[in-house]
Amino acid sequence: MSAIAAENAITVQNLLAAFEGESNAHAKYTAFAAKADTDGLHGAASLFRAAARAEQIHAANHARVIGILGGQAEAEIHPVEVKSTLENLKAALNGEQYEIDTMYPGFLQEATERKNTAAIRTFHGALEAEKTHARLYAEAIALLAAGKKDSWIGEARDFYVCPICGYTSETEEEHERCPVCNCPWERFEIIR
């Protein structure tokens, strides 16, 4: 970490923590998608795949800023504990809520105090995407808990992921542009 300026040390620590968290979320959601498919919950699997892609985008964005600030992005990928799809959805929602309520607000505050616009941008994009993931996970949990497997959680479906910030939508052309980063909608990735 000798190439990192002293005023950026905490920001880089936060970026590294976020990079590791997003990298692990990608691995976790990929495993959860396979389990949901096995359980015949193909819509839930589609959601996990879309969220996994978004987390991969967040990790790449964080890694890029780490590099700009003189650091090197490294993450330890932890073993994934796969349970029932309902339990996996709840674990995913808990992780998203932590990022929304605690992690990203704290990281954003520190980056804002340092006026680090690159860190602010990557943290803000991730935070806004995590809010959509939390909403979708909560909806999936409610449907599954109510036994509504004939709803969208049962059938494979398309989700739309912004390739720039990871914003995730369940509807096609929800906006002309990404509401978070202004990326044109036609550039969104379709994840099924």
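Surrounded by 14 or more Cβ atoms within 10 Å (Cβ to Cβ) and either within 30 Å of His42 (Cβ to Cβ) or of a type in the set (Lys, Arg) (or both): does that describe Gly71? The answer is no for Gly71.
Listed by first and then second residue, the pairs with beta-carbon distance under 6 Å, at least 6 apart or on different chains, first residue in the range 81-96 and under 16 Å from Ala142 (Cβ atoms) and touching a residue at least 12 places away in the same chain (Cβ under 8 Å), second of a type in the set (Phe, Trp, Tyr) and assigned to a helix (DSSP H, G or I), are Asn88/Phe32; Leu89/Tyr137; Ala92/Tyr137; Leu93/Tyr137. Step by step: first the residues of the range 9-24, then only those that are aliphatic (A, V, I, L, M) and over 11 Å from the mean Cα position of the chain (by Cα), then the one that is surrounded by the most Cβ atoms within 10 Å (Cβ to Cβ). Which residue is that? That would be Leu15.
Summed over the range 60-80, the residues that are free of Cβ contacts under 8 Å to residues at least 12 places away in the same chain and either in contact with a Ser or Thr (Cβ under 7 Å, 6 or more places away or on another chain) or closer than 27 Å to Thr38 by Cβ (or both) give a count of 1.
Only one entry of Phe19, Phe32 meets the criterion of being touching a helix residue (DSSP H, G or I) at 6+ places or on another chain (Cβ under 6 Å), under 21 Å from Glu113 (Cβ atoms) and aromatic (Phe, Trp, Tyr), and that entry is Phe19.
Before we move on, is Glu81 more than 18 Å from the chain's Cα centre (by Cα) and within 30 Å of Lys149 (Cα to Cα)? Spell out how you get there, then give the answer.
Numbers: more than 18 Å from the chain's Cα centre (by Cα): yes; within 30 Å of Lys149 (Cα to Cα): yes.
For Glu81, the condition - more than 18 Å from the chain's Cα centre (by Cα) and within 30 Å of Lys149 (Cα to Cα) - is met.
Only a single criterion out of (1) crowded, with 19+ Cβ neighbours inside 10 Å; (2) touching a Lys or Arg at 6+ places or on another chain (Cβ under 9 Å); (3) not aromatic (Phe, Trp, Tyr) is not satisfied by Ile153, namely (2). Scan (1) farther than 25 Å from Asn8 by Cα; (2) exposed (fewer than 15 other Cβ atoms within 10 Å of the Cβ) for the single condition Leu143 breaks and write down its number. For Leu143, the exception is condition (2).
Is it the case that the range 25-36 has a residue that's assigned to a helix (DSSP H, G or I), closer than 25 Å to Phe107 by Cβ, within 10 Å of the chain's Cα centre (by Cα) and not hydrophobic (A, V, I, L, M, F, W, C)? I'd like the intermediate steps shown before the answer.
Step one: filter the range 25-36 for residues assigned to a helix (DSSP H, G or I), giving 25-36.
Still in the running and closer than 25 Å to Phe107 by Cβ: 25-30, 32.
Among the residues that remain, those that are also within 10 Å of the chain's Cα centre (by Cα) are: 25-26, 29.
In the following step, the residues that additionally are not hydrophobic (A, V, I, L, M, F, W, C) were identified as 26, 29.
Yes, some residue in the range 25-36 is assigned to a helix (DSSP H, G or I), closer than 25 Å to Phe107 by Cβ, within 10 Å of the chain's Cα centre (by Cα) and not hydrophobic (A, V, I, L, M, F, W, C).
Coordinate-derived values only; no laboratory data. All figures in this text were calculated on a predicted structure; none of them were measured in a lab. Every residue, glycine as well, gets a Cβ built from its backbone with ideal geometry; the counts of neighbours run over all protein chains shown.
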